[in-house]
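The values are calculated or read from the model by the stated rules, or taken from the named source; none is laboratory data. If you're wondering where the values come from, they're calculated on a predicted model, not measured in any experiment. Here Cβ is always computed from backbone atoms with ideal geometry, including for glycine, and neighbour counts include all displayed protein chains. All accessible areas refer to the heavy atoms of the entire protein, side chains included, with ligands and DNA or RNA removed. Shrake-Rupley method; radii C 1.70, N 1.55, O 1.52, S 1.80 Å.
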Amino acid sequence: MKSEDFRALHAAAISARVAAGTLDPAEVVAASFARAKEVGAGREELNLVLWSDEKVAQADAVSVKKGMGPRGGGGSLAGVPMAVKDNIATLGLPTTCASRILAGYVSPFEATAITRLRMEGAIVVAKTNMDEFAMGSSTENSAYGPAHNPHDVRLVTGGSSGGSAAAVASGIVPIALGSETGGSVRQPAAFCGVVGVKPTYGRVSRYGLVAFASSLDHIGAFARNVDDAALVMETISGIDPRDSTSANIPVAKYREQFVSMATTPTPLDGITVGVAGEYFPEMLGTDMRRLCDRALDLLRSLGAKVVSVSMPHTSLAIPVYYIIAPAEASSNLARFDGVRYGMRRSGSASLREMFGDTRSDGFGPEVTRRILLGTYVLSAGYYDAYYRKAQSVRTLIADDFTRVFAGTCDVLFTPTTPTTAFPIGQITDPYEMYMSDIFTATANLAGVPAMSLPIGRSNGMPAGGQIIASHFCEDKMFRVAYALEAALGGEAHQ
Amino acid sequence: MAVSHSEVKHVAELARLTVSDARLDELAAELNGILVHMDVLARLDTSGLSAPSPAPGCTHLRSDSSGPIPLMAPREAFAPSIREGFFTVPRLATHEVTEAADAAGPTP
């Protein structure tokens with residue numbers, strides 16, 4: 001299969017042709033690996049991939065073809081190659097979280113999301129680079145070096161799921177999984193010019209996702225178009241007894257509505273889109289504002305009503321997030337102590353010394369910083385001033401969404417990020433880096449679904465528009481995104 | 001509320017991190033550089049507010065029972081040190097080290 005033919009195929013088209021017997025999964029896998037080689041996805045070039053093994057992937061392709069999988073060879077993702085962020089457990093494959101402390105760790109179990117995708121015939125072809133333990137907004141905090149943006153190798157991919165976003169953007173895979181705690185799917189999706197989805201908290205099982213901040217963590221998806229993103233989310237959503245935070249709420253067939261929308265000139269009739277001024281501050285660049293205005297004009301032309309709303313606590317999201325997330329991380333990452341799995345520093349004289357030496361050797365600077373910060377805000381004397389306070393303000397942020405969605409709005413539209421991708425090494429101040437998440441962290445704090453889709457380019461780099469919906473209203477979010485994507489057409493990438 | 005060197009050292013001990021004295025300056029400056037941005041929260045009146053549920057109504061309780069851990073590989077495949085099914089670790093404290101104990105190997 002020619003590289004351009006492979007890149008033109010979306011996941012839904014691959015599975016349809018595999019199911020019809022007109023495309024061999026082995027051919028698709030070979031094309032994926034050829035494309036990875038062509039773009040230089042390995043360590044020495046773009047540095048998007050931490051693990052890949054064509055023999056393993058080809059063995060899976062044979063299983064799909066022979067119908068050896070539980071669903072036979074005709075699943076909804078039959079023969080579709082996918083990339084997986086390296087903090088999601090994949091049975092028998094490395095899961096390192098891009099950290100020295102988990103170097104060489106091979107998972108003895110599998111994330112529910114991966115199992116569900118494999119059941120539908122998807123094939124894991126790569127584990128992708130990321131910020132260590134998902135702590136970062138640029139994929140520069142990886143123990144294996146920074147990932148490079150395929151649109152301009154001098155720039156970051158965004159993060160923390162930068163490797164997955166860039167693998168989709170560069171045509172290595174049509175779909176990928178990432179994870180979100182404060183925007184780690186949507187922000188790199190915007191920087192790399194692909195679709196990125198964060199579901200409602202509880203919509204997708206986190207079983208097998210290495211925990212960072214449990215009240216904020218989500219598994220999300222990347223794709224080159226909204227239809228494929230909806231296909232992945234339909235597949236991985238739903239209750240899982242192994243995750244007590246997964247919701248027992250039926251999952252809608254998000255893609256069914258797309259069929260009727262395609263024949264309607266105003267598919268967003270009856271939809272009200274809220275625009276909050278707090279997401280369009282003075283510092284927002286002219287280009288980003290222009291692209292958002294164009295997207296809003298298109299939404300109006302599609303039948304949507306656009307109204308102004310107020311989200312007065314938006315600016316507090318970063319201070320709140322960077323108290324709660326490190327606090328939860330300091331607890332979750334206590335398990336990496338050199339006892340049960342991962343690396344252990346040898347030569348320590350005592351158990352306590354071994355804990356300290358192993359963790360200090362194993363964790364990189366940003367993870368160390370966040371563990372210290374989290375431990376500090378939870379420690380005696382500071383708990384009320386920081387942690388309890390942040391939890392209370394989190395309620396105010398969540399109330400902003402509750403009020404807007406209980407009123408007239410079906411969805412909100414915002415820019416995904418304040419800027420496009422920035423140069424590798426440019427941002428050295430931790431808090432300045434944290435501000436990359438200013439438009440995305442709110443949805444994690446409130447638990448509402450949100451997604452980013454390409455809305456054009458600024459200075460030659462992709463820019464993302466964000467659609468946010470109410471809890472478990474992913475169907476509305478996908479409806480608006482699908483219509484906007486179709487209306488933008490080629491403009492989405494210009 | 002500026003973080004002092006001694007507080008960084010104390011917090012590092014709580015977090016089981018070994019931090020050299022040479023790094024205390026740098027870490028204290030970094031933490032203070034971040035925490036100064038949190039001061040905005042102190043000015044808000046949050047009396048009567050509590051933590052929200054990330055997604056109302058989604059959390060359910062499971063039965064208080066244990067089941068098999070679905071590991072597809074033995075612990076030996078991923079443990080740093082294991083003997084007879086037990087994870088082995090260095091001695092709890094250096095003062096417990098004796099020649100006889102050393103000869104016996106790691107304590108399960």
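Against the definition (under 17 Å from A:Gly220 (Cβ atoms) and open to solvent by less than 10 Å² (accessible area, probe 1.4 Å)), how does A:Leu102 come out, yes or no? Spelling it out, it is not the case that A:Leu102 is under 17 Å from A:Gly220 (Cβ atoms) and open to solvent by less than 10 Å² (accessible area, probe 1.4 Å).
Count of region A:302-349 residues, restricted to those that are hydroxyl-bearing (Ser, Thr, Tyr) and outside any helix (DSSP H, G or I), is 5. Please verify whether region A:478-490 includes one or more residues that are in contact with a Gly (Cβ under 8 Å, 6 or more places away or on another chain), over 18 Å from A:Glu278 (Cβ atoms) and surrounded by 24 or more Cβ atoms within 10 Å (Cβ to Cβ). Yes, there is a match, as at least one residue in region A:478-490 is in contact with a Gly (Cβ under 8 Å, 6 or more places away or on another chain), over 18 Å from A:Glu278 (Cβ atoms) and surrounded by 24 or more Cβ atoms within 10 Å (Cβ to Cβ).
Out of the residues in region B:62-84 that are over 23 Å from A:Ser348 (Cβ atoms) and more than 7 Å from every other protein chain (Cβ to nearest Cβ), which is surrounded by the most Cβ atoms within 10 Å (Cβ to Cβ)? Applying the filter and picking the extreme gives B:Pro74. Scanning region A:405-439 for residues that are in a loop (DSSP other than H, G, I, E, B) and within 14 Å of another protein chain (Cβ to nearest Cβ) gives A:Ile427, A:Thr428, A:Asp429, A:Ile438. Between A:Ala83, A:Ala31, A:Ala61, A:Ala26, the distinction of being in contact with a Ser or Thr (Cβ under 6 Å, 6 or more places away or on another chain) and not in a loop (DSSP other than H, G, I, E, B) belongs to A:Ala83 only.
Listed conditions (1) more than 24 Å from A:Ser142 (Cβ to Cβ); (2) more than 9 Å from chain B (Cβ to nearest Cβ); (3) of a type outside the set (D, E, K, R) are all met by A:Val377, apart from (2).
Within the set A:Thr395, A:Thr402, A:Thr442, the sole residue that is within 8 Å of another protein chain (Cβ to nearest Cβ), assigned to a helix (DSSP H, G or I) and not aliphatic (A, V, I, L, M) turns out to be A:Thr395. With the structure loaded, tell me whether A:Ser331 is more than 30 Å from A:Tyr105 (Cβ to Cβ), open to solvent by 50 Å² or more (accessible area, probe 1.4 Å) and polar (S, T, N, Q) or whether it fails that test. Taking the combined requirement at face value, the residue does not satisfy it.
All of (1) open to solvent by 30 Å² or more (accessible area, probe 1.4 Å); (2) outside any loop (DSSP other than H, G, I, E, B); (3) under 20 Å from A:Glu234 (Cα atoms) hold for A:Lys55 with one exception: (3).
Selection within region A:265-301: residues that are open to solvent by 20 Å² or more (accessible area, probe 1.4 Å), within 15 Å of A:Glu485 (Cα to Cα) and in a loop (DSSP other than H, G, I, E, B). The member of this set that is modelled with the highest pLDDT is A:Thr266. If you go through region B:29-46 and keep only what is of a type in the set (A, V, I, L, M), part of a helix (DSSP H, G or I), within 10 Å of chain A (Cβ to nearest Cβ) and open to solvent by less than 70 Å² (accessible area, probe 1.4 Å), you end up with B:Leu31, B:Ile34, B:Leu35, B:Met38, B:Val40, B:Leu41.
Within the option set A:Tyr341, A:Tyr321, being in contact with a helix residue (DSSP H, G or I) (Cβ under 9 Å, 6 or more places away or on another chain), hydroxyl-bearing (Ser, Thr, Tyr), more than 17 Å from B:Val11 (Cβ to Cβ) and open to solvent by 50 Å² or more (accessible area, probe 1.4 Å) holds for one residue only, A:Tyr341.
Does any residue of region A:79-89 turn out to be open to solvent by less than 50 Å² (accessible area, probe 1.4 Å) and free of Cβ contacts under 8 Å to residues at least 24 places away in the same chain? So far as region A:79-89 goes, no, none of its residues is open to solvent by less than 50 Å² (accessible area, probe 1.4 Å) and free of Cβ contacts under 8 Å to residues at least 24 places away in the same chain. Among the residues in region A:346-354, are any open to solvent by 40 Å² or more (accessible area, probe 1.4 Å), in contact with an Asp or Glu (Cβ under 7 Å, 6 or more places away or on another chain), under 27 Å from A:Pro108 (Cα atoms) and more than 7 Å from every other protein chain (Cβ to nearest Cβ)? Looking for residues that are open to solvent by 40 Å² or more (accessible area, probe 1.4 Å), in contact with an Asp or Glu (Cβ under 7 Å, 6 or more places away or on another chain), under 27 Å from A:Pro108 (Cα atoms) and more than 7 Å from every other protein chain (Cβ to nearest Cβ), one finds none in region A:346-354, hence no. In region A:355-364, is there at least one residue being in contact with a helix residue (DSSP H, G or I) (Cβ under 8 Å, 6 or more places away or on another chain), of a type outside the set (Ser, Thr, Tyr), surrounded by fewer than 20 Cβ atoms within 10 Å (Cβ to Cβ) and more than 10 Å from chain B (Cβ to nearest Cβ)? Yes; the residues of region A:355-364 include at least one that is in contact with a helix residue (DSSP H, G or I) (Cβ under 8 Å, 6 or more places away or on another chain), of a type outside the set (Ser, Thr, Tyr), surrounded by fewer than 20 Cβ atoms within 10 Å (Cβ to Cβ) and more than 10 Å from chain B (Cβ to nearest Cβ).
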